[in-house]
Amino acid sequence: MKIRVRVHAGARRARIEQREDELHVWVSAPPVDGKANLEVKEALAVFYKIPRSAVRLSSGQTSRNKLFELEGG
């Protein structure tokens, strides 16, 4: 399953919110050296109750708009 994600890095508190056809994910990590991407990956794994290894960033490595691929979801 592929999901579109809008990332809000450097947030005060982490949360996930569904808006229309994409997820908005707030993470406290800064958008530096892929730290925010790793935190988003972990948040998605918890949200969908799947292992972190089942979450893969397909596109948007340096953008706030990303496409993630979930295995088994």
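The values are calculated or read from the model by the stated rules, or taken from the named source; none is laboratory data. As the structure is a computational prediction, the values presented were derived from the model and not from experiment. Positions of Cβ are backbone-derived with ideal geometry, glycine not excepted, and every protein chain shown enters the neighbour counts. Note: areas computed on protein heavy atoms with side chains; ligands, DNA, RNA excluded. Shrake-Rupley method; radii C 1.70, N 1.55, O 1.52, S 1.80 Å.
Kindly list the number of the only condition in (1) among the β-branched types (Val, Ile, Thr); (2) part of a strand (DSSP E or B); (3) open to solvent by less than 40 Å² (accessible area, probe 1.4 Å) that fails for VAL40.
Of (1) among the β-branched types (Val, Ile, Thr); (2) part of a strand (DSSP E or B); (3) open to solvent by less than 40 Å² (accessible area, probe 1.4 Å), only one is false for VAL40: (2).
Using beta carbons and a limit of 6 Å, which pairs, at least six apart or on different chains, have the first residue in region 34-48 and hydrophobic (A, V, I, L, M, F, W, C) and the second one open to solvent by 60 Å² or more (accessible area, probe 1.4 Å)?
ALA45/ARG52
Identify all residues within region 49-73 that are at pLDDT 95 or above, open to solvent by less than 90 Å² (accessible area, probe 1.4 Å) and not in a strand (DSSP E or B); write none if there are none.
ILE50, PRO51, ALA54, GLY60, SER63
Kindly indicate the residue of region 1-17 that is over 12 Å from the mean Cα position of the chain (by Cα) and not basic (Lys, Arg) and also least open to solvent (accessible area, probe 1.4 Å) among those meeting that condition. Step through it out loud before you land on a result.
Filtering region 1-17 for residues over 12 Å from the mean Cα position of the chain (by Cα) gives 1, 10-13.
Imposing the further condition that a residue be not basic (Lys, Arg) reduces the set to 1, 10-11.
Numbers: MET1: 99, GLY10: 53, ALA11: 21 Å².
Here the answer is ALA11.
Please go through region 23-48 and pick out each residue that is of a type outside the set (A, V, I, L, M), closer than 13 Å to ASN65 by Cβ and modelled with pLDDT of 95 or more.
Within region 23-48, the first condition is being of a type outside the set (A, V, I, L, M), and the residues that meet it are 24, 26, 28, 30-31, 33-35, 37, 39, 41-42, 47-48.
Narrowing the set further to residues that are closer than 13 Å to ASN65 by Cβ leaves 24, 31, 37.
Those that are of a type outside the set (A, V, I, L, M), closer than 13 Å to ASN65 by Cβ and modelled with pLDDT of 95 or more: HIS24, ASN37.
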